[in-house]
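Colleague: This is the structure I want to talk about, given as C-alpha cells.
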C-alpha cells in the first residue's frame with residue numbers, strides 16, 4: 001500500500017477508473033496536456049489517449065451541459081470545473097437539468113455524471129478562487145454532494161460517485177490536496193455516499209464539519225486534549241447530500257454538546273441545516289445551545305484578509321469553551 | 001450578407017425526387033399536428049389541460065425535420081416540439097398528459113430528451129449526445145430544436161463552439177418563427193441572418209424555407225448525411241412563422257402587426273402549400289384530404305381519451321424517481337404529505 005497525498009490519490013483513482021471502463025471520460029479546462037491546474041489529471045492523457053482525457057473550450061455551462069448529454073448517451077463522464085468560484089455559469093445545467101432529469105422522465109433517463117470541483121480557501125489564491133457554495137448545491141434537488149477530507153476518502157468517494165446512477169458533485173478541499181499523506185489501498189474500493197465518519201472520537205462535545213475545516217477541528221481537539229480541557233469528537237460529514245442525520249444524532253446524543261464549523265458564509269449556510277438536524281435527532285440530550293463557527297457573510301475576501309475570514313483553531317476553541325461552560 | 005445564405009425551396013420548383021409515399025406521409029403528419037394543436041387549444045379553453053404552446057404555422061419545420069432522422073438518432077426538443085417528437089415515436093397521449101401537468105416524461109423508449117423549458121440550455125446536451133455517439137463508434141446523430149430567441153443565449157454560443165471543436169455529429173435546427181413571445185427577431189440580433197452565425201464557429205450553416213416541408217426534409221437530410229460522414233455539425237435556420245400565440249396564456253394581438261400575420265396565414269401556410277403541390281402532381285385528391293383530416297381527428301380523440309382515463313396522481317409520484325436510491329429523508333417527507341392528504 002502506498003502513502004499518498006490527496007491529489008495523488010485522486011490522480012491514481014482517475015487512472016484506475018479510466019483503465020477499468022472504456023466509457024469513462026475525463027475532461028475540463030486544462031486537464032489534458034497540462035494535467036489540470038492542480039495536477040489531478042497529470043499523465044492521464046498520455047496513458048489513456050486524448051479521446052478519453054481531453055481539454056474543453058473555456059465554458060462551464062458547455063462543459064456540464066455536454067457532460068449531461070454524454071451521460072445520457074451511454075458514457076461515464078467525469079467533468080472537472082477548475083475552481084468552485086467558476087462553477088456559477090455551470091449551475092444552470094446542474095439546477096435546470098442534471099438534478100431534475102430523472103424526475104422529469106419518471107426514471108427513464110438518469111444522469112450518471114460526476115463533477116469534480118476544487119473549493120475553499122487557505123492557499124493565498126487570487127480573488128474568486130476560494131468560494132464554498134455547498135449550500136447552493138445541497139439545496140438543489142436531485143444532486144448528491146460529497147466532500148473528502150482524507151486521501152483515503154478522496155479515492156473511495158470518487159469511486160462511489162462514478163458508480164452512482166445519479167449526478168454527484170465531488171467537492172475537493174484545495175488546502176488539503178497536499179497537506180499530509182495516508183496509506184491508500186491500490187485496489188478498488190468505495191466509501192458509501194451518505195455516511196459520515198468519526199474523525200476523532202470524544203466524550204464532551206461534537207464538532208461537526210467537512211472539507212478543509214476537518215483539519216482545523218482536529219487541531220483544536222488535539223490542543224484541548226493536550227491541555228486536559230476537553231475530549232472533543234470530530235464528525236466529518238463527508239456527504240453533504242444525503243446528510244447522515246443518524247450519525248449526527250448518535251454523536252450529539254452521546255456528547256450532549258455541539259459546534260458546527262464551516263468556511264462558507266454563515267447565513268443560509270449548511271450549518272443551519274446541521275443545527276436543525278441536531279434538534280430533530282438530539283434535542284433532549286442537548287446541554288447547551290449549539291454554536292456555529294463559520295465564515296462571515298461577506299464575499300470571500302482578497303487574501304490579505306484571508307486569515308481573518310477563515311475559521312481557525314482559536315475561534316473554534318473559544319466556541320467550544322463557551323459551549324462547554326453552560 | 002443574405003445573398004451568401006440562399007433560402008432553399010423545393011415546392012416552387014418542379015417535381016421532387018422524394019418518394020411519393022414519403023411526400024404523402026409528410027402531408028398527413030402536418031395535418032395531424034395542426035389538428036392536434038387546434039384540439040389542444042380547445043381542451044385548454046375548456047380547462048381540461050393547462051397552458052399549451054401550439055406550433056400552428058410551423059408544421060413543415062417540425063414534421064419535415066424529424067422525418068429526415070432515423071429512430072436511433074437523438075431528438076433534443078424545446079417546449080414547442082411535440083410535432084417532431086410525435087414523428088420520432090412519441091404517443092400524442094403523452095403530450096396531452098404533459099399539458100395536464102402530469103408526466104413530464106416525453107421519453108419512454110424513445111431516443112429523445114424531455115422538452116427543455118429554459119431557453120437553449122439543452123443545446124449543450126445535444127453536443128454531449130453527439131460526442132457519445134462519436135466515441136461509442138455509431139453513426140447516430142443528435143438534433144437540437146430551438147427558436148430565434150434561443151440564439152441570444154450563452155448556451156447557443158457554447159454549444160456551437162463545442163460542436164465545432166469536436167466536429168460532433170449534431171444538427172442545430174433553429175426555427176426562426178419571427179417572434180420570441182413579444183420580441184421580434186430584429187431585437188434579438190443585429191445579424192442579418194441566423195445561419196451566418198455558423199461561420200464564427202467554423203461549422204456549416206444553411207437557410208431553408210421552413211414552410212416548405214420538402215425543402216426542410218431535404219436540408220436536414222443533407223445535414224444528417226454530413227454528420228454521419230464525420231463532417232461535423234450544421235446550423236440550420238428554418239424560416240417559418242408562429243401563426244398562433246406563444247402559449248394559450250399569450251395574446252399576440254398586443255404586439256404582432258395584423259398585416260404580417262395575414263400575409264403568412266393566407267399566402268404561406270405550409271399545409272396549403274404542400275396540399276396544392278400534391279394535387280398539382282396528382283398525388284392527392286379532395287376526397288383524400290377529407291379522409292386524412294377525419295383520420296387525424298379520430299386518432300387524436302383516442303389519444304385524449306387515453307390520457308383522461310388515467311387515475312389521478314399520488315403524492316409518491318414526485319419522490320419516486322428523483323434518485324435511483326432515494327435518501328432516507330424522502331420516506332419521512334412523503335409520509336407527512338400522505339398523512340395530511342388522508343386526513344384532508
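Colleague: Rg and Dmax of segment A:197-325 over Cα atoms: what are they, in angstrom?
Modeller: Cα-based Rg and Dmax for segment A:197-325 come out at 13.7, 43 Å.
Colleague: While we're on this one: Wrap a convex hull around the Cα atoms of segment A:104-171, take a quarter of its surface area, and give that in square nanometres.
Modeller: Details: hull surface 21.7 nm².
Here the figure is 5.4 nm², rounded to one decimal.
Colleague: Determine how many Å³ per residue the convex hull of the Cα atoms of the protein assembly as shown encloses. Before the final figure, lay out the partial values.
Modeller: Numbers: hull volume 113.6 nm³, N = 670.
It comes to 170 Å³ per residue, whole-number rounded.
Colleague: To the nearest 0.05, what FRET efficiency results for residue B:254 and residue A:297 with a Förster distance of 45 Å applied to their C-beta separation? All intermediate terms of the calculation are to be shown ahead of the outcome.
Modeller: Details: r = 43 Å, r/R0 = 0.96.
Working from the Cβ atoms, E equals 0.55.
Colleague: Express the relative contact order of chain B as a whole percentage, based on alpha carbon pairs under 8 Å and six or more residues apart in sequence.
Modeller: 23
Colleague: Related question: Among B:111, B:265, B:167, which comes first, then next, by fewest other beta-carbon atoms within 10 Å?
Modeller: Result, fewest neighbours first: B:265, B:167, B:111.
Colleague: Starting with the fewest neighbours, write out B:5, B:74, B:179 ranked by other beta-carbon atoms found within 10 Å of each beta-carbon. Numbers along the way, then the final one.
Modeller: Working: B:5 17, B:74 27, B:179 23.
In order of increasing Cβ crowding within 10 Å: B:5, B:179, B:74.
Colleague: Where the eigenvalues come from the Cα gyration tensor of chain B, what are the semi-axes √(5λ) of the equivalent ellipsoid, largest first, in whole Å? Intermediate results must be reported in sequence, preceding the final value.
Modeller: Details: eigenvalues 215, 139, 81 Å².
Gyration-tensor ellipsoid for chain B: 33, 26, 20 Å.
Colleague: Label points 7 Å out from Cα along the Cβ direction at residue A:253 and residue B:329: separation in nm?
Modeller: 2.0
Colleague: If you rank A:68, A:174 by fewest surrounding Cβ atoms within 10 Å, what's the result?
Modeller: Details: A:68 30, A:174 24.
Final ranking by Cβ density, sparse to dense: A:174, A:68.
Colleague: Could I ask something else about it? For residue B:42 and residue B:2, FRET efficiency with R0 = 45 Å and r from the beta-carbon atoms, rounded to 0.05?
Modeller: Working: r = 39 Å, r/R0 = 0.87.
FRET efficiency, residue B:2 to residue B:42: 0.70.
Colleague: Specify the inter-centroid distance of segment A:206-237 and segment A:44-103, based on alpha-carbon positions, in whole Å.
Modeller: 35
Colleague: Now a separate question. Rounded to the nearest 5, what % of DSSP beta bridges with both residues in the protein assembly as shown are antiparallel?
Modeller: On the way: 10 of 68 bridges.
Antiparallel bridges: around 15 percent, rounded to the nearest 5.
Colleague: Under the rule of -39500 (n - 2.57) per DSSP H run of 4 or more residues, summed and divided by the residues of the protein assembly as shown, what mean residue ellipticity at 222 nm is obtained, to the nearest 500 deg cm²/dmol?
Modeller: Numbers: 24 runs with 274 residues, N = 670.
Computed mean residue ellipticity for the protein assembly as shown: -12500 deg cm²/dmol.
Colleague: Next question. Rank-order B:312-320, A:243-251 by packing density, defined as the average count of other C-beta atoms within 10 Å over each peptide's residues, highest first. Intermediate results must be reported in sequence, preceding the final value.
Modeller: On the way: B:312-320: 13.2, A:243-251: 20.8.
Most protected by this proxy first, the peptides run A:243-251, B:312-320.
Colleague: Report, largest value first, the span of the C-alpha coordinates of segment B:104-199 along each principal axis, in whole Å.
Modeller: Rounded to whole Å, the extents work out to 41, 34, 17 Å.
Here, each number is a calculation from the coordinates, and none is a lab measurement. Model, not experiment: these values are computed from the prediction. Positions of Cβ are generated from backbone atoms using ideal geometry, with glycine treated the same way; all protein chains shown enter the neighbour counts.
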